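The next block holds one structure in the form of structure tokens; read it before the comments.
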């Protein structure tokens, strides 16, 4: 089921109409646009990701999917040709 709801600063989700569930909890996916997240939160998330990735964490400059595709093809050519 696809629903629209409001998320407030305290993490509370409010649905436009009451929603009655068959169980107490339901796993959901919430997609929040980056432009509505406070920069401090993005920074905290980035730090957590860097900690998880360890030596593999590094900041990449922004590239387009097309540029990624070209770089990947170049890598494959170098490796196999």
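The values are calculated or read from the model by the stated rules, or taken from the named source; none is laboratory data. The model shown is predicted, which means the values in this text are computed figures rather than measured ones. Cβ placement follows ideal geometry from the backbone for every residue including glycine, while neighbour counts extend to all protein chains displayed.
Here are some notes:
Residues checked against (1) modelled with pLDDT of 85 or more; (2) surrounded by 10 or more Cβ atoms within 10 Å (Cβ to Cβ):
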{"site": "7", "(1), (2)": "yes, yes"}
{"site": "16", "(1), (2)": "no, no"}
{"site": "19", "(1), (2)": "no, yes"}
{"site": "25", "(1), (2)": "yes, no"}
{"site": "29", "(1), (2)": "no, no"}
{"site": "33", "(1), (2)": "no, no"}
{"site": "52", "(1), (2)": "no, no"}
{"site": "79", "(1), (2)": "yes, no"}
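- Cβ-Cβ contacts under 8 Å between residues 6 or more apart (or on different chains), taken from a first residue in the stretch 14-29 that is under 14 Å from residue 2 (Cα atoms) to a second residue that is surrounded by 10 or more Cβ atoms within 10 Å (Cβ to Cβ), are listed as 15/3; 15/5; 16/5; 19/3.
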